[in-house]
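The structure appears right after this line, and notes come after that.
The values are calculated or read from the model by the stated rules, or taken from the named source; none is laboratory data. These numbers come from a predicted model, not from an experiment. Positions of Cβ are backbone-derived with ideal geometry, glycine not excepted, and every protein chain shown enters the neighbour counts. Calculation scope for accessible area: heavy atoms of the full protein, side chains included, ligands and nucleic acids excluded. Shrake-Rupley method; radii C 1.70, N 1.55, O 1.52, S 1.80 Å.
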Amino acid sequence: MRRGRHDRPAGRSDRGGLRRPVGVGRRPDGVPRHAGRGPGCVAGRGGWRFHRLGQPVKPAPFHYCRPATVAEAVEALESAESGRVLAGGQSLIPAMNFRLTDVSLLVDIGRVAGLDGVDTGEDGVTVGASATQSRVLNDDAAARAVPGLRAALRHVGHLQIRNRGTVCGSIAHADPAAELPALAVATGAVIGVAGPDGHRTMTAPDFFLGPFWTALEDAEIVTEVRFPAAPAGSVTVVDEISRRAGDFAVAGLVSVIHVDGGAVRSARLVGFGVGGVPARLESAEAAISGWASDHPDRELIEAAAHDTADAFDDIHATAWYRREAVAALLVRAARRALASPEAP
Ligand SMILES: Cc1cc2nc3c(=O)[nH]c(=O)nc-3n(C[C@H](O)[C@H](O)[C@H](O)COP(=O)(O)OP(=O)(O)OC[C@H]3O[C@@H](n4cnc5c(N)ncnc54)[C@H](O)[C@@H]3O)c2cc1C
């Protein structure tokens, strides 16, 4: 069902015509919503005012709000019965169109000040909540510091989706088949959150609780994700099996592999699309340590099979297929890392 909701573009009616969802088109007076100052979301003495057109559209009726600061966004979320952050809308809007999710207020963070940064330093890359996937994909400094970002983003959807979709939105959405949550776990990323009680940070494994389920509390917003720089001597491989280029992975693997003297010294291996959350493959991490190209693949395959014993069945693949896929991806990643020019 998850992938089914991406099958048709958002905003297109069953009869093939384009409809404009409530709140993202024109105001009742015909003025485009993006015109003027703070349209659709005005902090006045009486609180928030929202526009609502009430015309029949695919999603259930909702209110729309476009705050200018993080504090206003949190306040708006707190004020709503079921408020949701709108980032790139590439997952949320299709889900609303299919009425798979109940939203009373959309809080559009696209214009919130200070959230669009992609800051690269010696210690890693910090991606703000409204930075798009395309922007990060095309950032050479970010790709040098955290090669996994570019490697993962190349697998995410298509150009049009990456032009709107955000890195933080993908993390917050917590799709078990998504690449970026797995990269976050593999690299030890830290997620920055703002909410009614102020700011806090969480490590990626603490953040992902289940399929489409995170440790975010009510009215909390992911403000940034910090990906630590790849350790010297490591090679990052993001690989997956999907039915078509741009589809979600049937099964995938993020590998951060340390190579030394023609053998693997250590690795962080995180599977995605096989369980409810991106999870480290601990047996495989042990088995790959000391592994070299002339060692039998069987050692890695058996360890990966052990780690993915709880893989799930669905309409896209059987659990058996997912286990086999992860094992094959692991062998491929190990060989690629050992042959990589980046390997010392
Ligand atoms: C055809 C298609 C193919 C795709 N293929 C892939 C793929 O191969 N791999 C992949 O990983 N993704 C894929 N996606 C999803 C895409 O990457 C989305 O952009 C991403 O999952 C969500 O990012 P977004 O910015 O669009 O978030 P939105 O759709 O705006 O939001 C998604 C959810 O996260 C919440 N949210 C967003 N930002 C925040 C925040 N800052 N704080 C708190 N909550 C937040 C929203 O409230 C909502 O619940 C695909 C999408 C489509 C339509």
- Note on the structure: Checking Gly110, Gly88, Gly83 in turn, the sole residue that is farther than 20 Å from Pro196 by Cβ, near the ligand (Cβ under 10 Å from one of its atoms) and surrounded by 20 or more Cβ atoms within 10 Å (Cβ to Cβ) turns out to be Gly88
- Note on the structure: Sole miss for Gly188 among (1) closer than 15 Å to Leu269 by Cα; (2) surrounded by 23 or more Cβ atoms within 10 Å (Cβ to Cβ) is condition (2)
- Note on the structure: Here the qualifying pairs (Cβ atoms under 7 Å; residues six or more apart or on different chains; first in segment 263-277 and under 22 Å from Ser242 (Cβ atoms); second assigned to a strand (DSSP E or B) and at pLDDT below 95) come out as Val270/Ala279; Gly271/Ala279
- Task: Output the number of the condition that Arg162 fails; it satisfies all remaining conditions of (1) of a type outside the set (S, T, N, Q); (2) more than 9 Å from the ligand (Cβ to nearest atom); (3) crowded, with 20+ Cβ neighbours inside 10 Å.
- Result: (2)
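One line per residue, one yes/no per condition, for (1) in the same structural domain as Arg332 (by TED's automatic domain parsing); (2) under 29 Å from Leu330 (Cβ atoms); (3) among the aliphatic types (A, V, I, L, M):
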residue	(1), (2), (3)
Thr126	no, no, no
Ile171	no, yes, yes
Pro205	no, yes, no
Ile221	no, no, yes
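For segment 150-158, check the following and say yes or no: at least one residue is aliphatic (A, V, I, L, M) and open to solvent by 40 Å² or more (accessible area, probe 1.4 Å).
Restricting attention to segment 150-158, the residues satisfying the condition of being aliphatic (A, V, I, L, M) are 151-153, 156.
Next cut, open to solvent by 40 Å² or more (accessible area, probe 1.4 Å) only: none.
Looking through segment 150-158, none of the residues is aliphatic (A, V, I, L, M) and open to solvent by 40 Å² or more (accessible area, probe 1.4 Å).
Let me confirm something: among Ala194, Ala245, Ala230, which residue is modelled with pLDDT of 95 or more and part of a loop (DSSP other than H, G, I, E, B)?
Within the list Ala194, Ala245, Ala230, the selection yields Ala230.
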- Query: Residues in segment 145-155: is at least one within 19 Å of Asp123 (Cβ to Cβ) and not in a helix (DSSP H, G or I)?
  - Reply: yes
- Message: For the condition in contact with a strand residue (DSSP E or B) (Cβ under 7 Å, 6 or more places away or on another chain) and over 15 Å from Glu240 (Cα atoms), what is the one hit in Ile315, Ile301, Ile288?
- Response: Ile288
